[in-house]
Amino acid sequence: SSGINAEYGVTGEPSPTLESVLADKRTLDAVWGCLKELSNKKLSVLAAQIIVNLTSHSDTLHTNTALLIKALREGHTHLYNSVAMVLSNTSRNTADSLSRLLTEADVSLLLRLLSSGQEQGYLAATLGNIALSEDGRKLLCSHLPEIIPLLTFPGNLIIRRNIARLLRNVSMDAKNHLILLEHLPMIVYPLVGPEELAEEDEEKLPLDLQYLGEDKTRESDLQTRTLISDTLFQMGGSYKVREVYRAEGYYELLKCYDQWEGDDDARERIQNVIYLIIQDDGQVDLRREGELPQGHETQTEVELVGS
């Protein structure tokens, strides 16, 4: 342990260049070997912190994903945050293989760790990255009842933003639109404020969105709001979704949000959704320049600095 501390500069002593560490297979194998000592808290935490920093600087570093998942499965709580950061970093480029490795029980475990507050939120970034792959989107769609409540998780912006990104990536597949539609009220919920609508407009809304009261606040994070708008726009590419938007009074809710939103880009995105609602279907053009968000989006890497 002390040797690894010194070698990697955690104690303040000179450390090798990042390039030399990444190129040294023997050293990397030694670090992963230390992580395998899962019951040795001090050694495994140190190894995990080193791997966090290495994966934040390298897109090609080979990672023992199975070992990382094992640490979570076996309940090594001292490693949760570091393992989550490594998975967040590496899943940007390993979405397909990670999706195939994870089981339904694993996804439920990750979601339990998030909802219980046992992990800072980087597992949400991992799940968002998994949604980059078709297998990942299929896997996540079966867990939407567990995922959707995290969109309003209190006190953790990382979780809310990455769950919004997950939904946006899932929505890029048209075959997922009707699955997402089952959860539409709770997807829209973060964009809803305290405005009172006319009674006839309130009565159109799903029960979860009716009469929310003057204490209702909107999502405070601009990026999360924008990702939700992008999700609604992608979903609106399906006729059945547009039918629901119109029949259940979403126009009035989203118009209130549009009038409240202070960011020009965010307003343009929600106006794109409103455009889908008010236009006749024969006039809807989902390919108008500037309207379609640009593909799937990944979470940027995180780095853990040793102390």
message: Give me Rg/Rg_expected for segment 42-101, where Rg uses Cα atoms only and Rg_expected = 2.2 N^0.38 Å with N residues.
response: 1.04
- line: Violations at 19 Å Cα threshold for listed pairs 175/204; 175/240; 36/138; 175/255; 216/255 -> 175/204; 36/138; 175/255
task: Give the value in nm², to one decimal: projected area of the alpha carbon convex hull of segment 24-123, averaged over all directions.
output: 5.9
- prompt: What are the ³J(HN,Hα) values, in whole Hz, obtained from phi via the Karplus relation 6.51 cos²θ - 1.76 cosθ + 1.60 with θ = phi - 60°, for each residue of segment 107-124 in sequence order, with x given for Gly and Pro?
  reply: 4, 4, 5, 4, 5, 5, 5, 5, 5, 8, x, 7, 9, 5, x, 6, 5, 5
field: Solvent-accessible area, 1.4 Å probe, carbon plus sulfur percent, for segment 99-150
entry: 52
Under the Karplus curve 6.51 cos²θ - 1.76 cosθ + 1.60, θ = phi - 60°, whole-Hz ³J(HN,Hα) for segment 147-152, x wherever Gly or Pro sits: 7, 4, x, 6, 5, 10
- line: The ³J(HN,Hα) series, computed from each phi in segment 181-187 with the Karplus coefficients 6.51, -1.76 and 1.60 at θ = phi - 60°, rounded to the nearest Hz and given as x for glycine or proline, is 4, 4, 10, 4, x, 7, 6
query: Taking only protein heavy atoms and a 1.4 Å probe, what accessible area per residue, in Å², does segment 59-104 have with all protein chains in place?
result: 43
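Mean 1/r over all different Cα pairs, inverted: what Kirkwood radius does segment 105-241 give, in Å? Can you show the working numbers first?
Details: mean 1/r = 0.0649 Å⁻¹.
Evaluated over segment 105-241, this radius sits at 15.4 Å.
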task: Please report, in cubic angstrom per residue, the volume enclosed by the convex hull of the alpha-carbon atoms of segment 86-155.
output: 79
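The values are calculated or read from the model by the stated rules, or taken from the named source; none is laboratory data. Just so we're clear, the structure is a prediction, and the values are computed from it rather than from any experiment. In case anyone asks, the SASA skips ligands and DNA or RNA and just uses the protein heavy atoms, side chains included. Shrake-Rupley method; radii C 1.70, N 1.55, O 1.52, S 1.80 Å.
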